[in-house]
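Values quoted throughout were computed directly from the atomic coordinates according to the rules given, and no laboratory measurement underlies them. Small disclaimer: the values here were computed from a predicted structure and weren't measured. Cβ coordinates were reconstructed from backbone atoms using ideal geometry, including for glycine residues, and neighbour counts include every protein chain displayed.
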Amino acid sequence: MSLPKIEEARKLSDEELAEQIIQAKRQLFQLRLQKATRQLEKPHQFKHTKHKIAQLLTVEHERKMAAQKSASTTGSVAQ
């Protein structure tokens with residue numbers, strides 16, 4: 001299984017993005033629980049899940065910054 005691509009995260013809507021972040025964090029919790037109980041069979045999933053969370057949070061931050069920038073640009077033009 002290859003690492004997820006950031007283009008896939010950029011195609012998501014804001015609601016889907018938030019949902020995916022929550023889902024990935026839950027998956028990471030489950031992996032930690034499996035590791036603690038020695039039931040983890042695929043330790044590489046930690047890397048994949050952390051990578052996916054980082055991508056999703058990056059896209060979320062990019063969108064917030066773009067919205068903030070457009071709001072500040074619009075606000076300065078209106079004055």
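Things to note:
- Binned Cα-Cα distance frequencies in the chain - 10 Å width, integer %: 17, 37, 24, 13, 6, 2, 0
- Fully extending the segment from R26 to H51, taken as 0.36 nm per residue of separation minus the present Cα-Cα distance, adds 7.6 nm.
- When the Gaussian network model of the chain links Cα atoms closer than 10 Å, the mean-square fluctuations of T58, T37, T49 top out at T37.
- Measuring between alpha carbons in the structure, the pairs from K5/K64; K25/K64; K35/K64; K5/K47; K5/K25 lying more than 23 angstrom apart are K35/K64.
- Options M65, L40, A18, ranked by Cα towards positive dipole end of segment 14-73, top entry (Cβ charges): L40
- In the chain, the sites counted are trypsin sites (Lys or Arg not before Pro) in DSSP loop states with at most 16 other Cβ atoms within 10 Å, and the longest stretch holding none of them, exclusive of the sites, is 39-79.
- Rounded to the nearest 20, the Cβ-based charge dipole of segment 14-73 about its Cα centre (Lys and Arg +1, Asp and Glu -1) stands at 460 debye.
- Between helix 44-78 and the chain: long-axis angle, C-alpha atoms, 0 to 90°, nearest 10: 10
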